[in-house]
Amino acid sequence: RATADQAQKFRHKMLGMQFTSVGCTYCPMLSTVIGLIDEKQPERLVPVSFHVDFNISDPMRIAAADAYYSKFGSSGLPLFVLDMRDGEKMTSVQSVIESEMSKSLANYPPTCGVAIGTSYDASTRTLKVTPRITSNVASSYRYLVFLVESSIEYMQYGASDDYLHNNVVRHAFSDNI
């Protein structure tokens, strides 16, 4: 476990996995809550939205979303998972999500920093991702890299026909959960 002095070298960011679908009427509420949390705690939460088929076929669904939902999911949507940890199943209650974030900050001090470099070659349509990690604790680390897209205009039950979907995971570079 890192000391308080060691932990101060890195900013603790948390991965917020939103499980959603265009067929979920309550999912826009979770997206709103994620935005409110980001306003209160800028850049503390890194949200990613995994679309699954729910009520109807979701064109933003990818196979990896099904695998992650199977690992963390329950029987419904919306669902929010913090830092890929099994814990309290969260939906769209802001106070519950913020409470879990506070617990994470208290129980898991930051011990590493991650940098991701990307370059895209349009002629070959190749994306190169170069991750780098710096740590003050000797340990083994594993990268899970997601390609995320925002501002996708598409219908959403409970919202509108031109709803903007943000933080949509379009590709998972590893299928190893």
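The values are calculated or read from the model by the stated rules, or taken from the named source; none is laboratory data. Just so it is clear, the model here is predicted, and its values are computed rather than measured. All Cβ positions, even for glycine, are placed from backbone atoms using ideal geometry, and neighbour counts span all protein chains on display. For the accessible areas, the whole protein counts, side chains as well, though only heavy atoms, and no ligand, DNA or RNA atoms are used. Shrake-Rupley method; radii C 1.70, N 1.55, O 1.52, S 1.80 Å.
Applying the set (1) open to solvent by 10 Å² or more (accessible area, probe 1.4 Å); (2) closer than 22 Å to M155 by Cβ to L30 leaves exactly one unmet item: (1). Every listed requirement among (1) within 30 Å of G158 (Cα to Cα); (2) modelled with pLDDT of 90 or more is met by R125 save one, (1). Which one is most open to solvent (accessible area, probe 1.4 Å) among residues in region 124-148 that are more than 30 Å from K9 (Cα to Cα) and not polar (S, T, N, Q)? Once the filter is applied, the top-ranked residue is R125.
Name the pairs: first residue in region 108-128 and more than 22 Å from S139 (Cβ to Cβ), second residue open to solvent by 80 Å² or more (accessible area, probe 1.4 Å), Cβ to Cβ under 6 Å, at least 6 apart or on different chains? What qualifies is S119/K128; L127/Y120.
Close contacts from region 1-26, counting a first residue that is closer than 30 Å to S74 by Cβ and a second that is of a type in the set (A, V, I, L, M) and at pLDDT below 90, with Cβ to Cβ under 8 Å and a gap of 6+ residues or different chains, come to L15/M84; M17/M84. Tallying residues that are part of a loop (DSSP other than H, G, I, E, B) and either closer than 20 Å to S57 by Cα or touching a His at 6+ places or on another chain (Cβ under 8 Å) (or both) within region 137-177 yields 12. Any residue at all in region 108-123 that is over 22 Å from V48 (Cβ atoms), among the small types (G, A, S) and surrounded by 14 or more Cβ atoms within 10 Å (Cβ to Cβ)? No, because not a single residue in region 108-123 is over 22 Å from V48 (Cβ atoms), among the small types (G, A, S) and surrounded by 14 or more Cβ atoms within 10 Å (Cβ to Cβ). One residue stands out in region 83-107 among those that are assigned to a loop (DSSP other than H, G, I, E, B) and of a type outside the set (D, E): the one that is surrounded by the most Cβ atoms within 10 Å (Cβ to Cβ), namely S92.
Remark: pairs (first residue in region 27-39, in contact (Cβ under 8 Å) with a residue 60 or more places away in the chain; second residue in a helix (DSSP H, G or I); Cβ separation under 6 Å; 6+ apart in sequence or on different chains) = V33/Q94. Consider region 157-177 and keep the residues that are among the polar types (S, T, N, Q) and touching an Asp or Glu at 6+ places or on another chain (Cβ under 9 Å). The one that is least open to solvent (accessible area, probe 1.4 Å) is N167.
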